[in-house]
């Protein structure tokens with residue numbers, strides 16, 4: 001419910017501050033080569049602005065008269081504290097330090113000067129300066145140059161300009177005096193693509209977006225294209241408000257309580273930050289468990305987080321160590337039993353094999369008195385097969401005895417199975433068969 005309220009408030013805030021955009025894409029020039037990607041770039045920008053609640057007026061392949069008319073209509077609609085975006089993709093040139101946007105009917109051979117055949121970018125900026133906008137953005141994506149225009153206008157790219165009012169940004173696709181490099185095979189211009197990406201990311205402030213755009217294009221072109229802006233930005237502006245999840249995350253991100261992140265994960269289950277919240281829950285729970293790790297605690301942890309690598313490794317190492325300890329204890333009790341038998345130590349035999357009763361003990365003591373010497377070995381021939389409370393070990397039993405009267409029973413050399421059980425914290429022998 002709270003999420004819906006936050007989103008509604010964000011929507012109302014945008015509705016209370018009108019967002020207007022004029023998007024122009026001039027590609028089909030009549031007297032000079034077509035401007036590649038211009039119309040597709042304009043359509044992409046129009047979609048991006050529409051998605052961020054701009055009222056977008058699109059204009060494609062406009063002549064000089066229509067260009068002036070569309071811009072005038074756009075400027076007349078603007079009111080103080082509006083947010084406004086003007087976008088132009090197509091041929092744009094500089095002449096005598098002034099920048100001009102060319103309509104599709106521009107004729108290089110005409111005797112009319114450039115100022116009569118185009119629209120002055122300076123004129124647009126001066127009009128915007130009078131509007132007292134909350135934020136005004138002018139984005140110009142000049143088409144790569146061609147021989148006809150380069151001959152007519154030898155100064156490449158656009159000229160730098162001044163802005164005389166607050167909260168206006170003029171964003172140009174390359175540094176002043178540098179033409180936009182060709183980008184064959186691309187559907188839309190690199191500069192436009194970077195703006196579309198910036199407009200789609202919630203919570204990114206305009207000044208941060210401008211830096212990202214410069215970084216993106218500079219890296220993509222090896223420094224051949226470095227966007228530039230002339231900015232008097234004072235107010236904050238983002239194309240999309242931060243999500244309720246992001247704002248809540250700012251509040252809880254420093255918590256050390258797993259329950260806090262679990263509550264966040266459930267509340268914003270569909271948000272990408274829910275994945276990070278789940279990771280934090282796992283991290284904090286493991287920090288608690290590994291503070292005093294024991295097999296039971298780690299196993300309980302793994303029922304919730306079965307793929308946690310550190311817990312899996314800890315348990316694997318623990319079980320390997322525990323197996324070594326168990327095996328050692330089992331083999332030790334077998335060795336002690338054999339040693340006790342050979343030494344005729346009935347008490348030690350009974351400690352290793354407590355199943356001997358009083359009658360068994362008496363019988364053993366009588367038998368031992370009849371023998372002068374005993375050689376007894378019980379040697380494991382394989383690893384113990386261990387269950388939680390029982391174990392079996394395959395062994396080789398060898399027995400040689402000499403009686404007091406000099407006789408010797410037939411030696412024993414046979415395979416036997418020693419069965420053991422866990423008694424309290426120790427292992428004892430049950431049977432030898």
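The values are calculated or read from the model by the stated rules, or taken from the named source; none is laboratory data. Quantities reported herein were computed from a predicted structural model and do not represent experimental measurements. Positions of Cβ are generated from backbone atoms using ideal geometry, with glycine treated the same way; all protein chains shown enter the neighbour counts.
Listed by position, the strands (runs of 3 or more DSSP E) inside segment 12-93 whose residues that are within 21 Å of residue 183 (Cα to Cα), in contact with a helix residue (DSSP H, G or I) (Cβ under 9 Å, 6 or more places away or on another chain) and modelled with pLDDT of 95 or more number at least 2 are 19-25, 83-90. If I filter segment 152-175 for residues that are loosely packed, with under 15 Cβ neighbours inside 10 Å, closer than 25 Å to residue 28 by Cβ and without any contact (Cβ under 8 Å) to a residue 24 or more places away in the chain, do I get at least one hit? There is no residue in segment 152-175 that is loosely packed, with under 15 Cβ neighbours inside 10 Å, closer than 25 Å to residue 28 by Cβ and without any contact (Cβ under 8 Å) to a residue 24 or more places away in the chain.
Answer yes if at least one residue in segment 259-270 is in contact (Cβ under 8 Å) with a residue 24 or more places away in the chain, surrounded by 13 or more Cβ atoms within 10 Å (Cβ to Cβ) and farther than 27 Å from residue 420 by Cα, and no otherwise. Checked segment 259-270: at least one residue is in contact (Cβ under 8 Å) with a residue 24 or more places away in the chain, surrounded by 13 or more Cβ atoms within 10 Å (Cβ to Cβ) and farther than 27 Å from residue 420 by Cα. Is there a residue in segment 122-136 that is surrounded by fewer than 17 Cβ atoms within 10 Å (Cβ to Cβ), touching a residue at least 60 places away in the same chain (Cβ under 8 Å) and either under 42 Å from the mean Cα position of the chain (by Cα) or not assigned by TED's automatic domain parsing to the domain that holds residue 81 (or both)? No. Confirm whether residue 191 is in contact (Cβ under 8 Å) with a residue 12 or more places away in the chain and not assigned by TED's automatic domain parsing to the domain that holds residue 179. Here the answer is no, as residue 191 does not meet what is asked.
Do you know which residues across segment 227-244 are within 20 Å of residue 121 (Cα to Cα) and either part of a loop (DSSP other than H, G, I, E, B) or touching a helix residue (DSSP H, G or I) at 6+ places or on another chain (Cβ under 7 Å) (or both)? 227, 229, 232, 233, listed by residue number.
Residue 256 meets each of the listed conditions (1) farther than 18 Å from residue 138 by Cα; (2) loosely packed, with under 14 Cβ neighbours inside 10 Å; (3) free of Cβ contacts under 8 Å to residues at least 24 places away in the same chain apart from (3).
So, of the residues in segment 209-232 that are free of Cβ contacts under 8 Å to residues at least 40 places away in the same chain and in contact with a strand residue (DSSP E or B) (Cβ under 9 Å, 6 or more places away or on another chain), which turns out to be nearest to residue 50 (Cα to Cα)? Within segment 209-232, the match that is nearest to residue 50 (Cα to Cα) is 209. Being surrounded by 13 or more Cβ atoms within 10 Å (Cβ to Cβ), over 17 Å from residue 421 (Cβ atoms) and in contact (Cβ under 8 Å) with a residue 24 or more places away in the chain is the filter here, so list the residues in segment 352-371 that pass it. The answer is 368, 371.
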